[in-house]
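The values are calculated or read from the model by the stated rules, or taken from the named source; none is laboratory data. All values derive from a computational prediction rather than experimental measurement. Note that each Cβ is placed from the backbone with ideal geometry, even for glycine, and that neighbours are counted across all protein chains shown.
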Amino acid sequence: MKIEQEVKLDFIDVLIRPKRSALSSRSAVSMERTIQFKNSNVNWTGVPIIAANMDTVGTFEMYYQLSKHKMITCFSKHYDVSDYPDDLDKEYYMISTGINENDWKKLVSVMKKLDAKFICIDVANGYMKKLVDFVKQVRSTWPEVVIVCGNVVSREMVEELIINGGADIVKVGIGSGSVCTTRIQTGVGMPQLSAVAECSDAAHGIDGAIISDGGITCPGDVAKAFGGGADFVMLGSMLAGHSECAGELIEENGEKYKVFYGMSSSTAMNKYNGGVANYRSSEGKTVKIKYKGPVESTIHDILGGVRSTCTYIGANRVKDIPKCCTFMRVNRQVNTIHNGKEV
Ligand code: 5GP
């Protein structure tokens, strides 16, 4: 047994220190990045924010809105080959896959139809050798595809997936998601900001990239994830509850809601696996979210927030956020006196 004494941090544990800045307007900030991926040797330019590959969020409707802003949608792996529209722009979506035999067969047929630019190989526990083997198989089959894989939260597995697996981007986050119960069910996880700092340091040392996945609650958290070194930020709950999300709109006592559930929740397992197998437990929640209307206003809120962060710290581009960012550890982040009283 070993105990690490160093405190690990979440977004809520820090604030970003403002600094003298020559930027006079948020409109002067560039939210776009161009990234050259290491193993595929492919370039991408866009706004590095991604809709999570969850049933309710990783939808085609979400893609049509996000792609207007050059943001990416990671589609749910549960779409059938025939569901994919013909007019998708490869720059702004990822297809998802698990790592079993059936997943491989489906991936091959989806690739035949789409020839996608990004493949996201997604498992809850990215520490399995089986993931590395699957990543290798994908890399040898499609040398020029951008491989995203995860989830992990520590240096050694980032290196393993990029150097030995052939991945380009590693997805970082265990237990931080809004509908995730992994920490309760297993006791395993890592506070998200520290996970991002450690994994980005590992990835950038070998020309890899990372996605901060899970735990974003507000635009300020997106800025903090970039500040911690994330190349991309993935959003589930912040994009949930909109008209572009899958799932019914429910009305209760005059209020409208949409259901949002984890991909390891009993809702998802009942839908896809015929129930929760008797050797496992659910590691996700099902919640109802107040209906937020079209996602466009949330996109504006997020991009406006991050642009404003940039003007506070003197970052001309989203790429410059880490080098301009000093975090301060804090005991209290926000004044809550009026919570619940907004009109
Ligand atoms: P959010 O942005 O809602 O905080 O987090 C989204 C992320 O939570 C997803 O991208 C995924 O990594 C993670 N996630 C989604 N469903 C589940 C689940 O059922 N269990 C766990 N442990 N994580 C989940």
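Overview of results
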quantity: Residue in region 232-241 that is within 12 Å of the ligand (Cβ to nearest atom) and more than 30 Å from GLY314 (Cα to Cα) present; calculated: yes
quantity: Matching residues, region 120-135, being more than 16 Å from the ligand (Cβ to nearest atom) and crowded, with 16+ Cβ neighbours inside 10 Å; calculated: VAL132, PHE134, VAL135
quantity: Test: residue in region 330-338 that is in contact (Cβ under 8 Å) with a residue 40 or more places away in the chain, out of contact with any Asp or Glu (no Cβ under 8 Å at 6 or more places or on another chain) and among the hydrophobic types (A, V, I, L, M, F, W, C); calculated: no
quantity: Test for CYS245: is it touching a helix residue (DSSP H, G or I) at 6+ places or on another chain (Cβ under 9 Å) and under 20 Å from GLU61 (Cβ atoms); calculated: yes
quantity: Pick from region 260-271, criterion within 22 Å of the chain's Cα centre (by Cα) and not polar (S, T, N, Q), ranking: nearest to TYR291 (Cα to Cα); calculated: PHE260
quantity: Matching entry among GLY293, GLY274, GLY305 (being away from the ligand (no atom under 13 Å from the Cβ) and modelled with pLDDT under 95); calculated: GLY274
quantity: Listing of strands (runs of 3 or more DSSP E) fully contained in region 1-100 that carry 1 or more residues being surrounded by fewer than 20 Cβ atoms within 10 Å (Cβ to Cβ) and aliphatic (A, V, I, L, M); calculated: 14-16, 33-36
quantity: Selected residue (criterion: farthest from the chain's Cα centre (by Cα)) from residues of region 25-59 that are among the small types (Gly, Ala, Ser) and under 30 Å from TYR261 (Cβ atoms); calculated: GLY46
